[in-house]
Number of protein chains: 2
Amino acid sequence: MVERAAAIVGGGVIGGGWAARFLLMGWEVRVFDPDPEAERKINEVLANARRSLPGLSDVALPVEGRLSFHETMSSAVDGVSWIQESVPERLELKRKVYQTLQEHCRHDAVIGSSTSGFKPSELQGCAARPGQIVVTHPFNPVYLLPLVELVPSAQTDPAIVQSAKEILTSIGMHPLLVRAEIDAHIADRFLEAVWREALWLIKDGIATTQEIDDAIRYGFGLRWAQMGLFETYRIAGGEAGMRHFIEQFGPCLEWPWTKLMDVPELTDELIDKVADQSDTQSGQYTIRELERARDDNLVTILRGLKAQDWGAGKLLNAQDRRVEGAVRLPDDVSQPIVTVARAVPLDWTDYNGHMNEARYLQAFGDATDRMMALVGCDAAYIATGGSYFTAETHIRHLDEVHAGAQIRVETQVLSGAGKKMHLFHRMFEGERELATGEHMLIHVSLETRRASEPAAAVATTLARVAAAHAALPVPDGAGKAVGVR
Amino acid sequence: MVERAAAIVGGGVIGGGWAARFLLMGWEVRVFDPDPEAERKINEVLANARRSLPGLSDVALPVEGRLSFHETMSSAVDGVSWIQESVPERLELKRKVYQTLQEHCRHDAVIGSSTSGFKPSELQGCAARPGQIVVTHPFNPVYLLPLVELVPSAQTDPAIVQSAKEILTSIGMHPLLVRAEIDAHIADRFLEAVWREALWLIKDGIATTQEIDDAIRYGFGLRWAQMGLFETYRIAGGEAGMRHFIEQFGPCLEWPWTKLMDVPELTDELIDKVADQSDTQSGQYTIRELERARDDNLVTILRGLKAQDWGAGKLLNAQDRRVEGAVRLPDDVSQPIVTVARAVPLDWTDYNGHMNEARYLQAFGDATDRMMALVGCDAAYIATGGSYFTAETHIRHLDEVHAGAQIRVETQVLSGAGKKMHLFHRMFEGERELATGEHMLIHVSLETRRASEPAAAVATTLARVAAAHAALPVPDGAGKAVGVR
């Protein structure tokens, strides 16, 4: 089997999103799509993904995988461990695709369908090996949103479901195992219900597309982004709890509030009304501009949730830990130590795409945290009541850097004895030096908030690195005051 | 009329949220609620608001208003310009409240109802002055979420609607004027539809409360928080546009996807199922902990959207500009200039509530931006192709500061001539000095990215401030290297 190789069958926005996520997580990706525009379309999605996904991570992602376009389904699927089908929503077409690809693919490869409209048992229909087929329904943009609905049928092989779970998790997604197959799975049932209600509101002239979007994004949309429906309502129930909330809110269910007993007819007039209102609302932006704004916003929100270690941000932190593996001091400490390796995220830059002033210190602060952890002042040590606090910082800005750039911080210990740790960080993009940060840290007791001696194990390790680094030249710029060359 | 005074009639979570928003925006607030627990409940909401709302703003808010609790409705509403009714959802009770308060309140005061269940014409019923009554339906937490549905009936006085719009905007809310009164206004129609669908999914064992929340917060919840429904779907339509999207997605409307033709019966069994699942999902947190997590997350998301100047973040930036007013150099420049005055926001702190290292530089960077603007290097000047870039920074951390603290940065110009601007920022909480930042800036051409002379007007103003500040003592710590006392 070609490990970490995926075939993308159908290369529209969704297929392209899958391709981008697999590629940026280091997978080989093979695309089959008879559309002559497929290569252009996939490359557009990939360009969006390259500017947003790598920096969403706080660690360096694997080297991007190889992308190839194939003339035949057989060469695309040969030997791969994942096949993602995202062809148009026509059952006969999908079934035909499975028939062809099952003649050529491995029997233990996952065949995942992006379908929102079909149940897995419908897809499996007349397949040669139905057990291999499962619904893996993602959400646009696939390269940023972690949710994927994983829907097996009774016929799906449990080993395929397990394999799908593991692979989806490894590429940073959250496989939500749907307990029983139903039409539209879970999330789209909500989207459908809201969409219909929205059409009624527009049809009846109660609200425009803009007003409906404002009603969502200035209100409950902000709640749902971090807690969803039930955890939000749990709070509304207060100390009296969820039961109280349901008893209070529940009776409203029987009020004649919504018009969902009926379905609004999609007349030309209604379609015109929606399209015209949407033009008024968003027509000043091209679709490309809207995509970039959406991705900037999503990265910002997701990175904010990472800082809170909550919801989708908690998933992303777990993914960073998986990608990075164990953190330990290198055996050879004779050279400066790499303490940060990451892409500059979209939310670290100004409107021109240059990294903001304060984010240099954020990267140097991360480098300091890492250096502390490497000498033994890690979370477990800090929990015992000791830590290093930064007393002083001197930053020199030497060159600019843009969103998406791969940056690296190398750290030299200038001295490390007693209560002091004196560090010198140098930030690079490749060999280009971007900035330096000189930092004096003092070990403190977290109880008294005063200077204190570090534990012996920390002091010993720090002294060992400091002794090794003493042989290095004093870096350019160390020991200088502002304005002094 | 008592300008900027509001009466809160009914002081639960919603009334308390209104009280907190008015108070923190500098209004006098008078509460009437016969519940003996009202004062405790309002103070709990207020404590949450005080830790989250002030720092959401990037400028200092007005001094907090005075809060009082009243034994009679008449003393609460006497002379105020806003009355917010948030009593339980019983029409006869609400009508009785209006009857009493209209005997005592000003005729030009806005009477806003927090109702989600009644139309304004129903509320107005037998009121003495129906024209004064309007629905102003907010979303929890009222002190953070900007949305308020403003629903007049045909009888509501247009002057009251206009007054309501202006006052709601002035306290940082977004009044969404609903074009025609309908049951449940706009947002709750969506919430109702989703809630019913969610109950079906739980009842049928398709998903748990946790799985439903994950389906929302890992997927479309993140999209809706920033773009809502239609702008998101506009992107999905791609270059072919909204019309294409509807034509593609529309037919699904007639599929038998949802069960909304019927209403799930709220049996004890179903209530138990939901309550038990919610306990499993969120039972490890108290309601207070969930509230704080929610507010931390919302502040983080909202401040992220501010940085992108998008959606709810764009509203908040506009509110900051309104609160701050015009920015100009003081007439007397003989003393250091206040360049930052703000509360430390929740997203600037670590898990212990202390301000993070990098955020000191963010505040100093904001101080530098303000100093630049004050000498004429503002957005308009920068658009002409010149700006100052920071070359070097020296920060001394002198003392800690917590989330919510009011901080102030005072800036001294150490020198300002030719291409250089040499600044010294001192950060204070009250008289307690927290940190200093010494910064060397170089004027650059944004085209060549190389050093260049500033325009004459900027150079002249900067020289004037530098000359005045030359008479000030050299601040402690200026001109020092790291580790040098």
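The values are calculated or read from the model by the stated rules, or taken from the named source; none is laboratory data. This structure is a prediction, so every number in the text was calculated from the model and none was measured. Methodologically, a virtual Cβ is constructed for each residue, glycine included, from the backbone with ideal geometry; neighbour enumeration extends over all protein chains shown.
Restricting attention to region A:282-312, which residues are on the phi > 0 side of the Ramachandran plot and at the interface with chain B (Cβ under 7 Å from one of its Cβ atoms)?
We begin by selecting, within region A:282-312, every residue on the phi > 0 side of the Ramachandran plot; these are A:309, A:311.
A:311 - this is the single residue of region A:282-312 that is on the phi > 0 side of the Ramachandran plot and at the interface with chain B (Cβ under 7 Å from one of its Cβ atoms).
Mind telling me which of the residues A:182, A:133 ends up being crowded, with 24+ Cβ neighbours inside 10 Å, out of contact with any Gly (no Cβ under 6 Å at 6 or more places or on another chain) and farther than 30 Å from residue A:306 by Cα? Give the steps one after another, and end with the answer.
Working: A:182 fails: crowded, with 24+ Cβ neighbours inside 10 Å.
The conditions single out A:133.
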Qualifying residue in region B:203-226 (condition: within 22 Å of residue B:280 (Cα to Cα), surrounded by fewer than 23 Cβ atoms within 10 Å (Cβ to Cβ) and among the hydroxyl-bearing types (Ser, Thr, Tyr)): yes
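Pick from region B:443-463 the residues that are more than 14 Å from chain A (Cβ to nearest Cβ), more than 38 Å from the chain's Cα centre (by Cα) and not in a loop (DSSP other than H, G, I, E, B): which of them is nearest to residue B:335 (Cα to Cα)?
Quick first cut of region B:443-463, residues more than 14 Å from chain A (Cβ to nearest Cβ) only: B:443, B:452-463.
After this cut, where a residue has to be more than 38 Å from the chain's Cα centre (by Cα) as well, the list is B:452-453, B:456, B:460, B:463.
When the remaining residues are screened for being not in a loop (DSSP other than H, G, I, E, B), the result is B:456, B:460, B:463.
Numbers: B:456: 24, B:460: 18, B:463: 15 Å.
Ranking the candidates gives B:463 first.
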Subset of region B:464-485 that is more than 14 Å from chain A (Cβ to nearest Cβ) and surrounded by fewer than 18 Cβ atoms within 10 Å (Cβ to Cβ) - its residue that is nearest to residue A:423 (Cα to Cα): B:473
Checking residue A:161 against (1) closer than 24 Å to residue A:315 by Cα; (2) more than 23 Å from the chain's Cα centre (by Cα), the condition it does not meet: (2)
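Could you please find all residues in region B:294-320 being charged (D, E, K, R) and either within 25 Å of residue B:429 (Cβ to Cβ) or in a helix (DSSP H, G or I) (or both)?
Step one: of region B:294-320, the residues charged (D, E, K, R) are B:294-296, B:303, B:306, B:309, B:314, B:320.
Listed by number, the residues that qualify are B:294, B:295, B:296, B:303, B:306, B:314, B:320.
Say we look at region A:334-355 and pick out the residues that are of a type in the set (S, T, N, Q) and surrounded by 18 or more Cβ atoms within 10 Å (Cβ to Cβ); which of these is farthest from the other protein chains (Cβ to nearest Cβ)?
The initial filter retains those residues of region A:334-355 that are of a type in the set (S, T, N, Q), namely A:334-335, A:339, A:349, A:352.
Subset that is surrounded by 18 or more Cβ atoms within 10 Å (Cβ to Cβ): A:339, A:349.
Values: A:339: 15, A:349: 10 Å.
Of everything passing the filter in region A:334-355, A:339 is farthest from the other protein chains (Cβ to nearest Cβ).
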So residue A:85, is it among the charged types (D, E, K, R) and touching a residue at least 60 places away in the same chain (Cβ under 8 Å): yes
Cβ pairs under 7 Å, 6+ apart, first in region A:360-387 and in contact (Cβ under 8 Å) with a residue 24 or more places away in the chain and in the same structural domain as residue A:410 (by TED's automatic domain parsing), second charged (D, E, K, R) and buried (at least 18 other Cβ atoms within 10 Å of the Cβ): A:361/B:357; A:365/B:357
Which listed residue, of A:117, A:125, is of a type in the set (Gly, Ala, Ser) and touching a residue at least 40 places away in the same chain (Cβ under 8 Å): A:117
Selection count where residues are closer than 22 Å to residue A:347 by Cβ and either not assigned by TED's automatic domain parsing to the domain that holds residue A:85 or not acidic (Asp, Glu) (or both), scope region A:19-69: 20
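Taking residue B:194 as the residue in question, decide whether it is of a type in the set (A, V, I, L, M) and within 18 Å of residue B:113 (Cβ to Cβ). Walk me through how you get there before you give the answer.
On the way: of a type in the set (A, V, I, L, M): yes; within 18 Å of residue B:113 (Cβ to Cβ): no.
When the stated conditions are applied, residue B:194 does not pass them.
For residue B:219, state whether it is at negative phi, at pLDDT 90 or above and at the interface with chain A (Cβ under 8 Å from one of its Cβ atoms). Spell out the reasoning first.
Working: at negative phi: yes; at pLDDT 90 or above: yes; at the interface with chain A (Cβ under 8 Å from one of its Cβ atoms): yes.
The answer is yes for residue B:219.
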Criterion violated by residue A:365 - all others in (1) buried (at least 21 other Cβ atoms within 10 Å of the Cβ); (2) farther than 30 Å from residue A:459 by Cβ satisfied: (2)
Residue match in region B:50-67 (condition: touching a strand residue (DSSP E or B) at 6+ places or on another chain (Cβ under 9 Å), farther than 30 Å from residue B:326 by Cβ and surrounded by 15 or more Cβ atoms within 10 Å (Cβ to Cβ)): yes
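Please find, among A:347, A:331, the residue that is modelled with pLDDT under 95, among the charged types (D, E, K, R) and touching a helix residue (DSSP H, G or I) at 6+ places or on another chain (Cβ under 6 Å).
Working: A:331 fails: touching a helix residue (DSSP H, G or I) at 6+ places or on another chain (Cβ under 6 Å).
Testing whether each residue is modelled with pLDDT under 95, among the charged types (D, E, K, R) and touching a helix residue (DSSP H, G or I) at 6+ places or on another chain (Cβ under 6 Å) leaves just A:347.
Would you confirm, using the coordinates I've provided, whether residue B:358 is facing another protein chain (nearest Cβ under 9 Å), touching a helix residue (DSSP H, G or I) at 6+ places or on another chain (Cβ under 7 Å) and of a type outside the set (Asp, Glu)? First the steps, then the outcome.
Details: facing another protein chain (nearest Cβ under 9 Å): yes; touching a helix residue (DSSP H, G or I) at 6+ places or on another chain (Cβ under 7 Å): yes; of a type outside the set (Asp, Glu): yes.
Considered against the rule, which asks whether it is facing another protein chain (nearest Cβ under 9 Å), touching a helix residue (DSSP H, G or I) at 6+ places or on another chain (Cβ under 7 Å) and of a type outside the set (Asp, Glu), residue B:358 comes out as yes.
From the list A:400, A:433, which residue is over 27 Å from the mean Cα position of the chain (by Cα), without any contact (Cβ under 8 Å) to a residue 60 or more places away in the chain and surrounded by fewer than 23 Cβ atoms within 10 Å (Cβ to Cβ)? Explain how you work it out, then say what you get.
Numbers: A:400 fails: over 27 Å from the mean Cα position of the chain (by Cα).
On inspection, the qualifying residue turns out to be A:433.
Please pick out the residue among B:285, B:360 that is surrounded by 15 or more Cβ atoms within 10 Å (Cβ to Cβ) and in contact with a Gly (Cβ under 8 Å, 6 or more places away or on another chain). Before the answer, list the steps.
Details: B:285 fails: in contact with a Gly (Cβ under 8 Å, 6 or more places away or on another chain).
Result of the check over B:285, B:360: B:360.
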Test for residue B:323: is it among the β-branched types (Val, Ile, Thr) and outside any helix (DSSP H, G or I): no
Flag for residue B:394 being at pLDDT 95 or above, within 20 Å of residue B:468 (Cβ to Cβ) and assigned to a strand (DSSP E or B): no
Residue in region B:361-380 that is nearest to the other protein chains (Cβ to nearest Cβ), counting only those that are touching a helix residue (DSSP H, G or I) at 6+ places or on another chain (Cβ under 7 Å) and over 29 Å from residue B:400 (Cβ atoms): B:377
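Out of the residues in region B:53-101 that are small (Gly, Ala, Ser) and modelled with pLDDT under 95, which is farthest from the chain's Cα centre (by Cα)? Write out each step before concluding.
Filtering region B:53-101 down to residues small (Gly, Ala, Ser) leaves B:55, B:57, B:60, B:65, B:68, B:74-76, B:79, B:81, B:86.
Retained after the next criterion (residues that are modelled with pLDDT under 95): B:55, B:57, B:60.
Values: B:55: 9, B:57: 7, B:60: 13 Å.
Restricting to residues being small (Gly, Ala, Ser) and modelled with pLDDT under 95, the top hit is B:60.
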